[in-house]
1. Springs between alpha-carbon pairs under 10 angstrom, Gaussian network model over the chain: which of Val46, Val315, Val248 fluctuates most?
2. With a cut-off of at most 14 other beta carbons within 10 Å, and DSSP calling the residue loop, which trypsin sites (Lys or Arg not before Pro) in region 365-404 qualify? Please list them.
3. At a Cα cut-off below 18 Å, give the aspartates and glutamates reachable from Lys145, other chains included and same-chain residues fewer than 8 away excluded.
4. For volume of the Cα convex hull per residue in Å³, several values are listed as [x] 200; [y] 135; [z] 180; flag the one computed from this structure.
5. Need the list of lysines near Lys53 for cross-linking: C-alpha distance under 16 angstrom, and skip anything on the same chain fewer than eight residues off.
6. Specify the inter-centroid distance of region 232-311 and region 159-198, based on alpha-carbon positions, in whole Å.
7. Kindly provide the helix-only [θ] at 222 nm of the chain, computed as the sum of -39,500 (n - 2.57) over DSSP H runs of four or more divided by all residues, to the nearest 500 deg cm²/dmol?
8. When only C-alpha pairs under 8 Å and at least 6 residues apart count, what is the relative contact order of the chain, in percent?
Amino acid sequence: MSQWKTYSMRDVTNITDFVANGSFESLRVNVNTSTELGFAILVRLVDHNSGWKGQLSYVDEASYTFLKKSRLEPGDVVVSNVGANAGTVFRVPNLGMPVTLGPNSVVCHPLDPSVLDRRFLYYMLVSPLGQSLLGGIISGSAQPKFNKTSLRQLQIPLPPLEEQQAIAEVLGALDDKIAANTKLAATAHELAALIYEQATSPMSIVPMSSVLSPVLGGTPPRSREDFWGGDRLWASAKDITGADFYTVVDTDEKISQSAVEKTKAKPLPAGSVILTARGTVGAVARLAVPASFNQSCYGFVPGTVPAGVLYFSIVNATKRAKAIAHGSVFDTITMKTFDHLEFPDFRGGAMSKMESKITPFLDAITGAVLENRCLAATRDALLPQLMSGKLRVKDAEALVSAAV
C-alpha cells in the first residue's frame, strides 16, 4: 500500500445535491413531481432499496431543466446523507430515460478521470473502510445526517489509477455476473408465471381448502438460549418478504436441533411454500432448503400438488384475492380464508404436465439465487482486502476467475 496516497474528497470529486439547484422556495415552485410517467426519474434511496421495482417518482421536462446541477448518468455514485440509512452508497442504474437526483442524497463525480476511477470510488465508499469514514461524519440521533462540507473534507486513500481500474475490474466482474444471474432469474420467473397463468385461466376452480392443507409454524421460546443460534434454518415473515425472487436459501435467525425436536418449529422440506398471514400479509416464497418458520406464516408441503404448481397456485390465489378485496380481507389470513381462495381444477394429467413445464424455470431461479449468494460472499470478502492493500490484484483475479 506504499503507493497509495490520501486525498480529500474535495480534491478528487465534485459533490452536489438536489438543493444545489436553488432555494427551498424556488425548488417548491419549479419542481413538480408525480407518480405518473414523466420526462425524467427523480432518483431516491427508496428506489435503490426496492431494487428499482417500486413506485418511481417522476418530474416533467421543465423541472428536469431546472434541476440541471443534479442530473445523473448511469454509473454515478450516490450517497444518502439524511435519515436512518445515511451513508448508504449506490450506483445509478440505466433506467432507460433521463434521471435526476432527489432530496436527501448527494452525487460524487470524479473531477479528473486520470486521478480517480468512478467505479473504484463506489467500491471504496461501500467498503468497510469507506463506511467507517462516512459513519465518522454522521451526526444526530433522531435524524442522522451529514452535510456536503463534511463529505468534501473526508480523507480517502487512493492507489495509482491503473491499480484503481484493476481493483474495480475484479470486483465489477463479480457484480456483472450477479447482474446477469438476476436478469436470468427475473426472466425465468416471468416466463413460468405466464405459462401457468395461460394454462390455468380457462380452468374451473375449487376452494383451495379442498386441495391444500396449510400448517402453522412456531417460534421457540426466546427465554431458552439453547433453542437459538444453532444451524437449523428458521424463517420469519421478514425472510419471506425479503427473499430474492421469492426463493428462501437462508434465514436471518437459526435455531437448534433441540428446538426442532421440542417445539412447534418443525421444518418443512425444500419445495414447500410459505405464505405470510399477519403483518405484511400475502407474501409468498418457496423454500429452496428445508426450514422451520414462525407462527405468523402458513406452510404448504408439496405432495399430490407438486412444488411448482403449489407455488404458483398460492401466488395467483393471493394476488386475485388482493385485487378483489383492495386489501380489506388481507388484514389477517386465517384457516377460513382458504375456503375463499381459488385453486384451478386440474383434470387428468394436466397438473403433472404443468409441473414439467415450469420446473426447469424454477430450478434456474434457485440456481441463480444460490450462485449470487456465493458471488456476493466472494466480493464482500475481497472488498476490504483490496481496499486495504492487503491483497494483491493478481491474487484476487485468480479467485474471481474460479468464482465466475
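1. The residue with the greatest mean-square fluctuation here is Val46.
2. On the way: sites: Arg373, Arg379, Lys390, Arg392, Lys394; in loops: Lys390, Arg392.
Hits after loop and neighbour filter: Lys390, Arg392.
3. Within the straight-line limit of under 18 Å, Lys145 reaches these aspartates and glutamates: Asp17.
4. Given [x] 200; [y] 135; [z] 180, the calculated one carries the label [z].
5. Those lysines meeting the cut-off are Lys183.
6. Centre-to-centre distance over Cα atoms comes out at 26 Å.
7. Working: 13 runs with 164 residues, N = 404.
Helix-only estimate at 222 nm: -13000 deg cm²/dmol.
8. Values: 711 pairs, mean separation 65.7, N = 404.
With pairs under 8 Å counted, the relative contact order is 16 percent.
All of the numbers you see were taken from the coordinates with simple rules; none came from a lab. Note that the structure is predicted; figures quoted are calculated from it, not measured. Here the Cβ is made from the backbone with ideal geometry for all residues, glycine too, and neighbour counts use every protein chain on show.
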